[in-house]
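Nothing in this text is a laboratory measurement; each read-out follows from the coordinates by a stated rule. Note that the structure is predicted; figures quoted are calculated from it, not measured. With ideal geometry, Cβ positions are generated from the backbone for all residues, glycine too; neighbour counts draw on all protein chains shown.
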Amino acid sequence: MANPMADDMRRFKSSDEKNPFEAMSERFDRAAQLLGLDPDLYAVMRVPSRELKVYIPVRMDSGHIEVFEGFRVQHNFARGPAKGGIRYAPDVTLDEVKALSAWMTWKCAVVNVPFGGAKGGVICNPIQMSQGELERLTRRYTAELFDFIGPDRDVPAPDMNTNEQTMAWIMDTYSMHKGYTVNAVVTGKPIALGGSLGRREATGRGVLFCVNEAVKRFNLTPEKTSVVVQGSGNVGGIGAQLMYEVGYKVTAISDVGGGIYNSNGLNIPQVLSYLQANKTLEGYKEAEQVSNKELLEIECDVLAPCATENQITSENADRIKCKILAEGANGPTTPKADKILHDKGIFVIPDILANAGGVTVSYFEWVQDRMGYFWREDEVNQRLEEKMVASFIELSNLAELHNVDTRTAAYMLAIDRVAFDTKMRGIYA
Ligand code: GLU
């Protein structure tokens with residue numbers, strides 16, 4: 001008899017190592033098979049619920065109208081409102097947004113927050129746009145999505161090239177259309193508008209908490225641990241800063257243009273102020289310049305890719321020389337690279353756990369907005385630590401129990417939770 005699951009898997013297969021949706025699906029398939037996932041649940045869970053494509057007219061500063069293409073993919077609602085960031089970038093694709101939306105579903109399930117997954121993207125070049133153009137783009141994109149987002153439907157947040165200001169515009173536009181202020185429609189807002197203390201630092205802090213747990217397993221202490229960070233934005237920059245503060249030796253860091261390396265450790269606060277002042281790491285004294293590619297191959301205890309997808313592939317995986325890989329970015333490693341890293345014995349803290357600190361504090365922000373009562377920063381951080389550490393332990397135990405790698409264990413944990421809830425609700429088919 002034909003196996004519907006196998007047929008379905010073939011239908012989605014292709015040979016592009018760097019297609020993020022295929023990368024996600026490959027991991028999903030493996031975990032689903034190991035779990036013996038019911039074929040009906042499998043068919044429902046491996047595809048998004050809804051893919052929206054919108055065309056966004058924007059009046060540019062020059063006076064003419066430019067039309068931008070935008071997406072919002074809502075992957076799953078089984079456990080609650082869909083949740084996930086919005087990215088602005090020239091090379092955003094629907095497949096990328098689809099993958100990112102699914103990763104949000106799995107991420108929320110791994111840390112056990114009651115959300116599904118979504119992601120948005122707009123094809124634009126934010127670096128070349130004025131604040132006014134970005135504001136008009138954001139407001140019109142929000143208006144296009146008006147019927148699909150909301151505190152109980154889908155709650156956007158910042159991602160690449162979007163920030164607190166972007167969230168404030170979305171919140172305001174949505175509220176204007178509603179006729180009253182709805183601050184729980186987005187997270188990652190400015191504190192004054194219902195944002196949460198600790199949200200800005202949350203993803204980097206989550207990476208730190210995971211690294212702390214992993215390092216203990218290697219009998220290392222922060223002082224004895226060298227860390228290489230790719231990226232210096234909200235995840236990499238803040239993650240490096242927090243790791244530096246607790247005593248880790250951060251030997252390399254980069255931004256889009258390239259990185260710097262000093263085997264004795266970098267003074268991260270100084271590096272970040274240099275970057276802020278000069279908009280580049282080039283020319284930073286006390287360090288050797290390295291490319292983003294070279295940076296990944298530096299010998300270190302912890303390598304934290306905190307920038308973008310497809311950084312570790314079958315091409316460079318055998319040259320990665322870390323003990324622990326802490327995936328601050330979404331999808332930095334391809335499935336082909338996974339196998340190579342596994343054979344090398346590298347301990348991977350998979351993205352859907354390592355960078356889940358952001359959405360965890362987004363959940364806290366949403367809760368605080370709905371209560372209208374706000375927590376102290378130390379309360380937020382403590383709750384974040386509890387969730388991250390509990391999930392790390394759960395995932396490591398599962399990996400040992402099933403004798404699988406940590407990424408597969410993370411998918412198994414997530415899929416099992418979503419499957420359980422979907423089954424309880426029943427499929428309305
Ligand atoms: N963009 C972040 C992520 O990829 C945060 C999403 C959120 O807080 O909803 O996890």
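Between L34 and N219, what is 0.36 nm times their sequence separation minus the Cα-Cα distance? Round to one decimal in nm. Contour length minus the Cα-Cα distance gives 63.5 nm. In the chain, the DSSP-assigned H stretches of four residues or longer account for a calculated mean residue ellipticity at 222 nm of -14500 deg cm²/dmol, using -39500 (n - 2.57) per stretch and the full residue count as denominator. Database remark: amide H of V404 closer than 5 angstrom to no amide H (H placed geometrically; neighbours at sequence offset of 5 or more, or on other chains; Pro and chain starts carry no H). Here's how it looks for R79: its modeled amide H is under 5 Å from those of G116, which are all 5 or more places away or on a different chain.
Between the C-alpha center of region 364-393 and that of region 178-224 there is a gap of 9 Å.
Peptides 250-261, 277-288, 377-388 ordered by packing proxy, namely the average of other Cβ atoms within 10 Å per residue, highest first: 250-261, 377-388, 277-288. Taking amide H positions as modeled 1.01 Å from N, with prolines and chain starts lacking one, the residues under 5 Å from V250 and 5 or more places away or on another chain are V227, L266. Seen through its C-alpha gyration tensor, with square-root eigenvalues sorted a ≥ b ≥ c, region 154-246 comes out prolate because a/c lies at 1.5 or above while a/b is bigger than b/c.
Applied to region 127-144, the Karplus parametrisation 6.51 cos²θ - 1.76 cosθ + 1.60 on θ = phi - 60° returns per-residue 3J(HN,Hα) values of 5, 8, 9, 7, 4, x, 5, 5, 5, 5, 4, 5, 5, 6, 4, 4, 4, 5 Hz, with x for Gly and Pro. Along region 319-329 the Karplus relation, 6.51 cos²θ - 1.76 cosθ + 1.60 evaluated at θ = phi - 60°, assigns HN-Hα couplings of 9, 6, 10, 9, 8, 10, 10, 10, 7, x, 7 Hz to successive residues, with x for each Gly and Pro. Sorting H75, H64, H402 by the number of Cβ atoms found within 10 Å of their own Cβ, with the fewest placed first, yields H64, H402, H75.
Nearest-5 percent of antiparallel DSSP beta bridges in the chain? Taking every DSSP beta bridge within the chain, about 50 percent pair in antiparallel fashion. Could you please report the charge total around W366, scoring K, R as +1 and D, E as -1 over all other residues with beta-carbon less than 14 angstrom from its beta-carbon? With Lys, Arg at +1 and Asp, Glu at -1, the net is +3.
When you count the other C-beta atoms within 10 angstrom of each residue and take the mean per peptide, 228-234, 349-355 line up highest first as 349-355, 228-234. Taking Cβ atoms as reference points and 15 Å as the exclusive limit, the residues near V92 contribute a net charge of -1, counting Lys and Arg as +1 and Asp and Glu as -1. Charge dipole (Cα centre; +1 on Lys/Arg Cβ, -1 on Asp/Glu Cβ; no other charges) of the chain amounts to roughly 620 debye. For the chain, what does the alpha-carbon gyration tensor say about shape, rounded, prolate or oblate, given a ≥ b ≥ c as the root eigenvalues, a/c under 1.5 as rounded, and a/b over b/c as prolate? Rounded.
Here region 109-152 is treated with +1 on each Lys and Arg Cβ and -1 on each Asp and Glu Cβ, and its dipole about the Cα centre works out to around 100 debye.
By definition, a body whose alpha carbon gyration tensor gives a ≥ b ≥ c is oblate when a/c is 1.5 or more and a/b is not larger than b/c, and region 278-429 fits this oblate description. Applying the Karplus relation 6.51 cos²θ - 1.76 cosθ + 1.60 with θ = phi - 60° to region 241-254 yields 3J(HN,Hα) values of 4, 5, 5, 4, 4, 8, x, 5, 9, 8, 9, 8, 8, 9 Hz, where x marks Gly and Pro.
About the centre of its Cα atoms, region 230-380 shows a dipole size close to 160 debye [charges on the beta carbon of Lys, Arg (+1) and Asp, Glu (-1) only; nearest 20 debye].
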